[in-house]
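Have a look at the structure below, then the notes.
The values are calculated or read from the model by the stated rules, or taken from the named source; none is laboratory data. Predicted, not measured: the structure shown is a model, and the values here were computed from it. As a convention, Cβ positions derive from the backbone with ideal geometry for all residues, glycine included, and neighbour counts pool all protein chains shown. SASA here: full protein model, heavy atoms, side chains in, ligands and nucleic acids out. Shrake-Rupley method; radii C 1.70, N 1.55, O 1.52, S 1.80 Å.
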Amino acid sequence: MKKMSLWLGAFSALALLLVVAEAKVLINGAGATFPEVIYTKWFQEFPKKYPDSQINYQALGSGAGIRQLTEGTVDFGASDMPMTDAQISKMKVKPLHFPTVLGGIVPTYNIPGVTQELKFTPPVLAGIFLGKIKKWSDPELKKANPDVKFPDTDILVVHRSDGSGTTFVFTDYLSKVSPEWKSAVGSNTSVRWPVGIGAEHNEGVAGLVKQSPNSIGYVELIYATQNKMGYGAVENAAGTFLRANLDSVTAAAAGAAKNMPDDFRVSITNAPGKQAYPISSFTWLLIPSKLADAEKKKALVEFLRWMLTDGQKYAADLGYAPLPKEVVAKEQKAIALIQ
Amino acid sequence: MTLRNRWRKILSYLMLSLTGVCAVVAVVMLFLILGYLVFNGWRSVDWDFLTKLPKPPGELGGGMGNAIVGSLQIVLLAALIGLPIGFLAGVYLAEYGGHTFAFLVRYMADLLNGIPSIVIGIFAWTVVVVPLHHFSALAGGLALAVMLIPITARSTEQFLVSVPQTLREGALALGASQWKAIATVVVPAAYRGIATGMILGVARIAGETAPLLFTSLNNQFWSAGFSQPTASLPVMIFTYATSPYQDWHRQAWAAGMVLLLLVLIANVAARLILSRGISVQR
Amino acid sequence: MATSVTLPAHSPPGARSFFKRLTSGDEIARLVTTLFASFILLLTLGIVWELWIHSALARQKFGFGFLTSTSWNPVTDQFGALPFIYGTVITSVLALLIAVPLGVGAAIFLAELAPPRISSTFTFFIELLAAVPSVIYGLLAIFTLVPLMRDSIGPFLKARLGLLPIFSGPIFGVGYLTAGMILAIMTLPFIISISRDSLLEVPTEQREAALALGATRWESTWHVVVPYARLGIFGSIFLGLARALGETMAVTMVIGNDPSIHASLLAPGYTIAAIIANEFAEATGDLYLQSLVALALVLFVLTIVINALARLLIIATTRRGSSQA
C-alpha cells in the first residue's frame, strides 16, 4: 500500500512538473503543405521579434486547414484553394483570405538515365495523369522532347492522397487546358485520380518520386529544388515553355494583382502573358473575421503586419515569389477588418 | 528397411528441420529489426537530438526534444487515467465476479481490446477534441487510456485469480473484512504480476501512433500544457519517414531506435520481474 | 473464475446489517470496484454509440449499398466501402498465407522438438516481436521492403509469373503485396505463441501412442498432435487475422493509397484503417467525414466478429481436456 501511494505521488509530481506553464499567447494553425517551408520559417523567426507569442503550424494539407478551421479546432487555417461560397457558409465566423506568397507547382520526375530538363505540353501532362500516356517512350513525349532518350518503362504516377490545395491548383490548371480532364476528373482538393499511387502531403509525393524510378509527380517548387530532383518546363498559354522560378511565377500574378477582388479569392493558373508560369498560385492564410480572444487577435494582427513587410524578404531564398506591391497595400488595409 | 520406410524417415527429418528453420527465421527477424534500427540510428542519437526542437523542412539539424517530452506527457496522462480504472475493474472481476454482470464486463473488456486503435482515436476525437475545440495532449492521453484499461483489467484479474484461496480464507478467518483482505493480502501477493501487466500495457500504448493522429496532433514547439497539441515520438517518426529529406530520415531512425529500445527494455524487465517468482509470499 | 468468498467472520451471510457492512468498508469497496468495472461497459457502448451517431448521414444516404459501392469521390460526394474492404481483406489474407506456414512450423519446432531451454528462450524473443510498435514496422518497410519489392521481388515475380493477373501491371514497390508482407511479420508472433501453447496442451499419450504404432516423429506430429490442437491453432490464426485487419500505421506507409480495386498484387490499394488515418483530419464536408466514420463502423464490426470467433476457438481448446481429435 505504502509503495503504491509513493509511486502515485511520484507520478503526479512528475505530471505537474511536465506541464510547462508559460505566459505566452498560444496560437494553433493548420493547413497547406504548399507554403509549409516558408510558414515554418516565419513562425520561427516571428517570435524573435515578438517573444510573447508561439504559433504552432501543422501542415496537414489545405483540406485539413479548411476543415479544422470550420470545426473551430484551430485558430487559423491555410490553403492554396480559396474557400468556396458553400464552405464559407458553413462557418460560424466568416473567414478572411490573406494571400501570403506566390508559388509554382512543377512536374517533378525521376527517370533513370534522363538528366535533361523535360518539356511538357498541356495535352502530355493531362495524358500522363489520365493514364492515357502509359510509358515514357510514348511518341507524344518524344515530340515535345526530341533530344531526350527515354527508356521504354511504365510511367509511375504519384499524386496526393490527402485533401490538398496543391492538388486543387494542379487540377484547376489541367481542367483549363484539357476538356477531357475537366469532364473526367474535375478540380478540387481531393479528386478521383484515374491512375497512380497516393502520398501524403507535398513531402510524401516528393519522397515517393525521389525513391521510385520512372515516376512523376506534382509538387511545389521548393520541394523539388531542396531535394535536387529534376523538374520540367510547362508550355504556357502563350506557347512558351517555362520552368517555375521567381520571375515566371511573379509574371503569372501580374494581371491578377491589378484586378484583385476584395476578398482576395482568385485563380492565376494558365495566366496570359509570355513569361507567365502556367501552374502558379497564391496561397492564403484563413483568419476568422472575429476573434474572441483579444491576445490572440493582437498576435495574429502583428504577425500579418510583419509577414507583409519583413516576412516577404524570406520568400525568394525559399523559392517562393513575394507578393506584388498592389496586393500588399490592399492587404494592409484589409487587416482592419479583423475584429 | 523398405524403400517406403526410408522415404518416410527422410520426410520426417526434412519436415522437422524445416520447422527448425521457421523458428530460427522468426527469432532472427527480431534481431534484424533491432540491428537495423541501431545501425541506422545510433549515430544520430546525440545531445542535439534529445534536446533541440525540430527545424523547418529542408534545414539540417534540430532534434526531437519536444517529441520525447510530449510522448512522456501523453503516456503519463494515459497511465494516470487508465491504470487505476483498469486495476479496480480487474479487482472487481477477480474478487466479486461470477455473476452475469462480471461475465458481461469481461466480454466487453476483450471486445475493447480488439478494437483497432484508429477507431479509438475517432472516439477520442468525438468526445474530447470536438467539444473542447482543441487538439490536445488530453485527447491523446484519453485515447491511449481507453486502450490501456482493458489490458490492465484483464491482466490484473488474471494475477489476482492465481492467488490461492487459502490466502484469502486465512485473512478472513483472522477477522479481516472482505475489502481489507483484498487490499492488504491478496493484492500484495499478486503485485508482481499486476505490476508486470501494467508495465507491459504502458509499453504497448507508448508506441501507438494511430490514435494520436487526430487527437494530440503534433507541435513544433515544446508542449505548452495538456490542452494544447503535443508532439510525440511515434507521430514524428511517421512524418519524417514519409518525407523526402535525408536529414529527417536520419532523425526518424534515431527516434525509432529510442522508441524501440524503451519498449523492448520495458518488456524484458517486466518478464524478468515475473519470472522471478509467481508471487505467493509477501 | 470468480472468488466470491464472503465468509463474514462472526454472523451468517446477509445477516450483517447494511450499516455494519457499509462502515466496515465492504460495501464501499464493492461499489467502487463495480463502478469502475461498469465503466468498461459504458466505454464500449459509448464507442459503438459515437460511431453509430457520427455515421448517420452516410448510412441514410447510401444504406447497405455503401458496402458494395466502389466509388470514392469527394468531388461528387459518392462514397463506397468496397475498395477498402477489399484492400483490408486481401492484405490480411496475404499476411496469413505467409505467416501461417511459417508460424505453425515454428510453433511445432518449439513445442515438439526443441529442448525446453531453447524453446523458452526462442519464445521469449519471438514474443518481443509482438511488442514492436507498428510505426517502426512501417519505418523499416519503407526503407527495406519497398526497395526490395521494387528492385528484386517484383521483377522476379513478373518475370516468372507475369502472365497471371495477380502479378500484372507496373511495379511500384508499394502495394498489396508489400503491405501483406509487413503484416505477415507483425502477425507471426501471435500465431507462434498461441499455437505453441495449444500444441503443448496435447497430452503426451497421444504422441506416444502414435510413435508406438510405428509412426515417424513427423507423422506423429503432423497427423496426430497438430489435429488434436487444431482448434487452438485456428484460434491463433483468427486472432492474427483480427490484428491484421485493424493494423494502421505500417500498412498506411506502404499500401500506395489508391482507392480502387486492382487484381494485381503488385498494384497499390487502400485499407479501411489507412484511409481513416490519412483523410480523417481533413475530410471537408459532413458526408465525407461521416462516410469515414461509417468505414470505421464496418471495420469495428469485422474485427469484433473475427475476434469473437478466435476467442471461442481458443476457449474451446483450453476447456477440452482429453477429448477426441
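Assorted remarks:
- Given a 1.4 Å probe and the protein chains as shown, C:His223 ends up with an accessible area of around 120 Å².
- Accessible surface buried upon C-B contact (total; probe 1.4 Å; Å², nearest 100): 7600 Å²
- Once the mean of 1/r is taken over each pair of separate Cα atoms and inverted, region B:47-275 shows a Kirkwood hydrodynamic radius of 19.0 Å.
- Taking the centroid of alpha carbons for each part, region A:270-320 and region A:79-133 are 18 Å apart.
- Sum of -39500 (n - 2.57) over DSSP H runs of 4+, divided by residues of chain C (222 nm, nearest 500): -20000 deg cm²/dmol
- Candidate membrane-span-like segments in chain B, meaning DSSP H helices with Cα atoms spread over at least 20 Å of their own axis and a Kyte-Doolittle mean of 0.0 or above, are B:3-41, B:65-91, B:100-114, B:137-161, B:191-206, B:246-276, with no membrane implied.
- When the Cα gyration tensor is reduced to axis lengths a ≥ b ≥ c, the ratio a/c is 1.5 or higher for region A:186-294, and with a/b not above b/c it is classed as oblate.
- Structure-based [θ]222 nm, chain A - -39500 (n - 2.57) summed over DSSP H runs of at least 4, per residue, nearest 500: -12000 deg cm²/dmol
- Whole-angstrom gap from region B:166-233 to region B:135-155, using each part's C-alpha centre: 10 Å
- The lysines within cross-link reach of A:Lys142, meaning a Cα-to-Cα straight distance under 20 Å and a gap of 8 or more places when in the same chain, are A:Lys119, A:Lys132, A:Lys134.
- Calculated [θ] (222 nm, deg cm²/dmol) that DSSP helices of n ≥ 4 give over chain B, each run adding -39,500 (n - 2.57): -22500 deg cm²/dmol
- Buried on complex formation within region B:229-278 (loss of at least 50 square angstrom of accessible surface versus the isolated chain, 1.4 Å probe, ligands and nucleic acids ignored): B:Phe238, B:Ala241, B:Thr242, B:Pro244, B:Tyr245, B:Trp253, B:Arg271.
- The accessible-area ordering, largest first, of the residues A:Tyr50, B:Tyr96, A:Tyr231 stands as A:Tyr50, A:Tyr231, B:Tyr96, per a 1.4 angstrom probe.
- Checking the cross-link pairs A:Lys149/A:Lys210; A:Lys143/A:Lys258; A:Lys41/A:Lys325; A:Lys135/A:Lys176 against a 27 Å limit on the alpha carbon distance flags A:Lys143/A:Lys258 as lying beyond it.
- Working from Cα pairs under 8 Å separated by at least six residues, relative contact order for chain C is 25 percent.
- Protection-proxy order for peptides B:147-153, C:306-312, A:218-224, each taking the mean of Cβ atoms within 10 Å per residue, highest first: A:218-224, B:147-153, C:306-312
- Two tests apply to each whole DSSP H helix in chain C, Cα reach of 27 Å or more along its axis and mean Kyte-Doolittle hydropathy of at least -0.5, and the ones passing both are C:26-53, C:82-108, C:176-201, C:286-320.
- By a 1.4 Å probe calculation restricted to protein chains, A:Val177 has an accessible surface near 40 Å², given to the nearest 10.
- Mean separation of Cα contacts under 8 Å (6+ apart) over length of chain B, as relative contact order %: 26 percent
- Measuring between their Cα centroids, region B:243-275 and region A:186-249 lie 35 Å from each other.
- Three-way shape label, chain C, alpha-carbon gyration tensor, a/c 1.5: oblate
- Buried area at the B-A interface (accessible, heavy atoms, 1.4 Å probe, summed, Å²): 3200 Å²
- Per residue value of the accessible surface for region B:3-44 (all protein chains in place, 1.4 Å probe), Å²: 65 Å²
- Tensor-based shape of region B:3-44 (alpha-carbon gyration tensor, a/c under 1.5 rounded, otherwise prolate or oblate): prolate
- Surface share of carbon and sulfur [accessible, 1.4 angstrom probe, percent] for region C:166-325: 63 percent
- In percent, rounded to a whole number, the relative contact order of chain A is 23, using alpha-carbon pairs under 8 Å and six or more apart.
- Fraction of accessible area attributable to carbon and sulfur, region B:3-44 (%, probe 1.4 Å): 76 percent
- Per residue, in Å², the accessible surface of chain C once ligands and nucleic acids are set aside, probe 1.4 Å: 41 Å²
- Accessible surface, region B:47-275, averaged per residue in Å² (probe 1.4 Å): 30 Å²
- Of the solvent-accessible surface of chain A, computed with a 1.4 Å probe and all protein chains present, 58% belongs to carbon and sulfur.
- Average beta-carbon neighbours from other chains, 10 Å sphere, peptide B:63-73: 1
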